[in-house]
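Visitor: Below is the structure I would like to discuss, written out as structure tokens.
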Amino acid sequence: MKKILVCLALLLISTSFLFAQNEKRNLNIVFIGNSITQGVQLANSVEAPPANAVADLLKQKGIGEVHFSNQGHSGYTTLDFLPGTRTFTQIEEAANAFTDKKALLIFSVKLGTNDSAIQGPHGSPVSADRYIENVKIIVDKLLAGFPNAIVILQHPIWYSPNTYNGSKYLQEGLTRLQSYIPKIDSLVKSYEQSQPKHVFVGDKKAFAYFKKHHLTELIPEKGQAGTFYLHPNKTGAASLGRFWADAIGKIVRKHFLVK
């Protein structure tokens, strides 16, 4: 009798372990960003980074169904996404439109490129302090409206120091963009105390990657200071999507799967 009970206990433990191992989490993701997120100059929305990120997530362990909304807007800064703007309302509408209400709601945010410009985009140049203040306002409002959601702040990506299209970026802008990165990391750290497991740093690798691979993965564009590199091409969009997917998947598996 004792042997039977031991066998049953081992079977129960094994079954529970297998269930936990096979557990998958469905995701609803709203991608918030600028023209890079939107996928401008690409053939269609399927080639944009968000679609690539979702395709990669679907291949990852622990990830079930994934639904998403691409809320990338060309030329937009953090000021254009503040609560009270039409853009922020569109983000709320996108989040509410998902039909699977049990899925983990994720806001993936990659903003900063246009904020960093010397002139052109709304409010630019945006100082590092003002930039992160805007990001915090956006994050706080998202979590107030969607308390079960999480926010993942992706680091911005590199652009060439001669970037100058309709807007003026240049080295000053690139330097300012880089000053945003430690602010992002510090903001996320502050949420570890105030709202644990709600705000995370996402990808940290794409900036250096595109600096190294800009000739093959960013689009050469004619500008007022020569040929510049800012927007990912089809290959680059796939790479960026993979960076985002790796970061999102890692966070989901670490914090939001049944153990």
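Visitor: Given the DSSP H assignment, sum -39500 (n - 2.57) over each helix run of at least 4 residues in the chain and divide by its residue total; what's the result at 222 nm in deg cm²/dmol, nearest 500? Could you put the intermediate results ahead of the total?
Guide: Details: 8 runs with 123 residues, N = 259.
Using -39500 (n - 2.57) per qualifying helix, the result is -15500 deg cm²/dmol.
Visitor: Oh, and also: Could you work out Rg/(2.2 N^0.38 Å) for the stretch 119-259, with Rg from alpha carbons only?
Guide: The reported ratio for this selection is 1.16.
Visitor: Give me, ordered by chain and number, the residues 5 or more places off N34 or on other chains with an amide H under 5 Å from its own placed amide H.
Guide: H73
Visitor: Right, here's the next one. Using a 1.4 Å probe and ignoring any ligands, DNA or RNA, find the accessible area of S194 and quote it in Å² to the nearest 10.
Guide: Solvent-accessible area, nearest 10 Å²: 80 Å².
Visitor: Give me the percent of the accessible area of the stretch 24-254 that comes from carbon and sulfur atoms, probe 1.4 Å, all protein chains in place.
Guide: The nonpolar share, carbon plus sulfur, comes to 51 percent.
Visitor: Of L187, P121, I132, which is farthest along the charge dipole of the chain in the positive direction, counting Lys and Arg as +1 and Asp and Glu as -1 at C-beta?
Guide: Among L187, P121, I132, the one farthest towards the positive end of the dipole of the chain is L187.
Visitor: Students often get this wrong, so check it: of K61/K189; K136/K189; K212/K234; K24/K101, which have C-alpha atoms separated by over 19 Å?
Guide: K61/K189
Visitor: What value does the stretch 16-129 have for Rg/Rh, both radii from Cα atoms and Rh as Kirkwood defines it?
Guide: Here the Rg-to-Rh quotient is 1.06.
Visitor: Now for a different question. How big is D, in µm² s⁻¹, for the stretch 178-243 by Stokes-Einstein at 37 °C and 0.692 mPa s if Rh is the Kirkwood radius over C-alpha pairs?
Guide: On the way: Rh = 13.9 Å.
In µm²/s, the coefficient rounds to 236.
Visitor: A further question follows. Among the aspartates and glutamates, select those whose C-alpha is under 18 Å from the C-alpha of K204, and discard any that sit fewer than 8 residues away in the same chain.
Guide: K204 reaches D56, D185, E217, D246.
Visitor: If you put +1 on each Lys and Arg Cβ and -1 on each Asp and Glu Cβ, how big is the dipole of the chain around its Cα centre, in Debye rounded to 20?
Guide: Numbers: 29 positive and 19 negative charges, 210 e Å.
Result for the chain is approximately 1000 debye, rounded to the nearest 20.
Visitor: Ordering R242, R176 by accessible area with a probe of 1.4 Å, largest first, what comes out?
Guide: Details: R242 105, R176 40 Å².
Most to least solvent-accessible, the answer reads R242, R176.
Visitor: Apply the Karplus parameterisation 6.51 cos²θ - 1.76 cosθ + 1.60, with θ equal to phi minus 60°, to every residue of the stretch 112-118 and state each ³J(HN,Hα) to the nearest whole Hz, in sequence, with x for glycine and proline.
Guide: Each residue of the stretch 112-118 in turn: x, 4, 6, 4, 6, 4, 6 Hz.
Visitor: Let me ask you something else. Can you give me the solvent accessible area of H255 with a 1.4 Å probe, rounded to the nearest 10 Å²?
Guide: Roll a 1.4 Å probe over it and H255 shows about 60 Å².
Visitor: Compute the relative contact order of the chain as a whole-number percentage, counting only Cα pairs closer than 8 Å that sit 6 or more residues apart in sequence.
Guide: This gives 23 percent for the chain.
Visitor: Still on this structure, I have one more. Give the ranking of V46, V188 by solvent-accessible surface, highest area first, calculated with a 1.4 Å probe. Intermediate results must be reported in sequence, preceding the final value.
Guide: Working: V46 105, V188 10 Å².
Ranking V46, V188 by accessible area, largest first, yields V46, V188.
Visitor: Against the empirical 2.2 N^0.38 Å scaling, what ratio does the C-alpha Rg of the chain come to? If you can, show how the numbers build up before the last one.
Guide: Details: Rg = 20.4 Å, N = 259, 2.2 N^0.38 = 18.2 Å.
My calculation over the Cα atoms of the chain gives 1.12.
Visitor: Can you tell me how much longer the chain between Q41 and E23 gets when fully stretched, taken as 0.36 nm per residue apart minus their C-alpha distance, in nm with one decimal?
Guide: Separation in residues times 0.36 nm, less the Cα-Cα distance, equals 2.6 nm.
Visitor: So, one more: Give, in nm to one decimal, the length gained when the segment between I137 and T227 is fully stretched (0.36 nm per residue of separation minus the Cα-Cα distance).
Guide: Taking I137 through T227 to full extension adds about 28.8 nm, to one decimal.
The values are calculated or read from the model by the stated rules, or taken from the named source; none is laboratory data. These numbers come from a predicted model, not from an experiment. A quick note on method: Cβ atoms are made from the backbone with ideal geometry, for glycine too, and the neighbour counts reach across all protein chains shown. SASA here: full protein model, heavy atoms, side chains in, ligands and nucleic acids out. Shrake-Rupley method; radii C 1.70, N 1.55, O 1.52, S 1.80 Å.
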